[in-house]
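Have a look at the structure below, then the notes.
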Amino acid sequence: MRGFASDNNAGAHPEVLKELEKVNTDHSVGYGDDEYTRKAIDLLKKQFGAETDPYIVLTGTGANTLIIQTLLHSFQAVVCANTAHINVDECGAPELLTGSKLISIETNNGKIKPDDIEPLLHTVGFEHHVQPKLISITQPTELGTLYSIDEIKSLSAFAKKNDMYLHIDGARLANAAVALGESFKAITFDAGADVVSFGGTKNGLIMGEAVIFKDQSLGENFKYIRKQGMQLFSKMRYLSAQFIAYLNGDLWQSNALHANSMANKLREKIEEIDAISLTQNVESNALFATIPEQLIEPLQQEYFFYVWNPEINEVRWMTSWDTTMEDINGFVEKIKSLL
Ligand SMILES: Cc1ncc(COP(=O)(O)O)c(C=O)c1O
């Protein structure tokens, strides 16, 4: 089966599987006290900054939720876009496990800005209201759009000025880094982020994400919270090995570049079809488009994808590290034959 439903649907990259074979020898101390995890942590620090404090976890929902739990009291709130994964795709895990309210902001492109947050601050210090404490942005956004470094800097300056934290949900951070032509460090901590959820699963790993604090003072309680939050994996070497494969060379880069360039190729072909209109700029590895309703079902049967907004027949098409030109040509031919 091939399709454009999600980069989650792609397999793991062979280099990742090779690395897993390599660490699958002898015994290794569990829970992260092993040489492979030390190497993976070193590689994460190399990418994000020597002073950062990285932890490996199993899932992105776990990363996001435990970050909120680490940094906020339950009376403090998270400000995010209405489309944010923490807001709509985590089944309420952040609210359940942290007690913190999520305040979501309507956007038309998945991005929030200081002006959207400012009006929420008039109740700071008033005990009847939750206290906004963390700004959470997703990079690239759930709509495939990108924050520029300047936009992140202005959000972090706003956060600092108002005694708030800035979190970046980087489930697809590699796609953002290659699209912007910048390092992970430049688009996160150099731009003023306090903490990052760094994804691997969507770009060639079987599973594995990292939580990276800007320094040890912010992350000092995270190891306990990770254990309580059931995200401390016992055979950690198998998660760490995947990050070694991902970050030791340029696998993260080549996979993300490929996924993004396939999205661009698909965009070029879709733009030639009058009956289809893109609804977002294609800036990473996702396309959003309104398509004639009668196309949806037959197309989904051959190339599965999700309907994003049924009211306007808007669909999401995602490319991944293993998308091929045959996938794209076959898909576009199928669309044309149905029109
Ligand atoms: C923006 C974003 N954040 C986080 C996640 C992590 O989700 P999961 O808990 O499935 O690893 C995803 C997965 O789709 C995502 O798209």
Subject >> Surface accessible to a 1.4 Å probe, per residue, for the residues of region 1-135, Å² >> reply: 51
**OP:** Can you spot the lysines whose alpha carbon is less than 24 Å from LYS18's alpha carbon? Ignore those fewer than 8 places along the same chain.
**Re:** LYS39, LYS45, LYS46, LYS202, LYS235
Original post:
Taking the Cα-to-Cβ direction at LYS161 and at LEU339 and moving 7 Å from each Cα, how far apart do the two end points lie in nm?
Top reply: 4.7
**OP:** Would you mind getting the accessible area per residue of region 153-230, heavy atoms of the protein chains only, 1.4 Å probe, in Å²?
**Re:** 37
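Where only protein heavy atoms count, and the probe is 1.4 Å, what is the accessible area per residue for region 270-311 in Å²? Could the numbers behind the result be given before it?
On the way: 2340 Å² over 42 residues.
Value for region 270-311: 56 Å² per residue.
By how many nm would the segment from ASN281 to VAL307 grow when fully extended, if each residue of separation counts as 0.36 nm and the alpha-carbon distance is taken off?
Details: separation 26, 0.36 × 26 = 9.36 nm, distance 1.77 nm.
7.6 nm is the gain from fully extending ASN281 to VAL307.
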Subject >> Neighbourhood charge, 10 Å Cβ-Cβ cut-off, centred on GLU151 and excluding it, Lys, Arg +1 and Asp, Glu -1 >> reply: +2
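How would you classify region 98-154 from its alpha-carbon gyration tensor, with a ≥ b ≥ c the square roots of the eigenvalues: rounded for a/c under 1.5, else prolate if a/b is greater than b/c, otherwise oblate? The partial results should precede the final answer.
On the way: a/c = 2.40, a/b = 1.87, b/c = 1.28.
Prolate, because a/c is 1.5 or more and a/b exceeds b/c.
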**OP:** State, to one decimal in nm, how far the label point of LYS45 lies from the label point of GLU268, with both points 7 Å from Cα in the Cβ direction.
**Re:** 4.3
Original post:
For region 271-339, what % of the accessible area comes from carbon and sulfur atoms, probe 1.4 Å?
Top reply: 43
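Tally Lys/Arg at +1 and Asp/Glu at -1 over every other residue whose Cβ is under 15 Å from the Cβ of GLU142; what's the total? Don't skip to the end; give the middle numbers.
Details: positive: LYS111, ARG172, LYS202, ARG316; negative: ASP7, ASP89, GLU90, GLU106, ASP169, GLU283, GLU314.
In short, -3.
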Original post:
Given a cut-off of under 8 Å on Cα pairs at least six residues apart, what relative contact order in percent is computed for the chain?
Top reply: 25
Original post:
Between GLN139, SER197, PHE213, whose Cα lies farthest towards the positive end of the dipole of the chain when Lys and Arg beta carbons carry +1 and Asp and Glu beta carbons carry -1, centred on the Cα centre?
Top reply: PHE213
Subject >> For the chain, share of DSSP beta bridges that run antiparallel, in % to the nearest 5 >> reply: 50
**OP:** Run the quick spin-label model on HIS27 and ILE103: label points 7 Å from Cα toward the beta carbon, then report their separation in nm to one decimal.
**Re:** 5.3
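The values are calculated or read from the model by the stated rules, or taken from the named source; none is laboratory data. On a predicted model such as this, the values are computed, not experimentally measured, just so you know. All Cβ positions, even for glycine, are placed from backbone atoms using ideal geometry, and neighbour counts span all protein chains on display. Heavy atoms of the whole protein, side chains included, go into the accessibility calculation; ligands, DNA and RNA do not. Shrake-Rupley method; radii C 1.70, N 1.55, O 1.52, S 1.80 Å.
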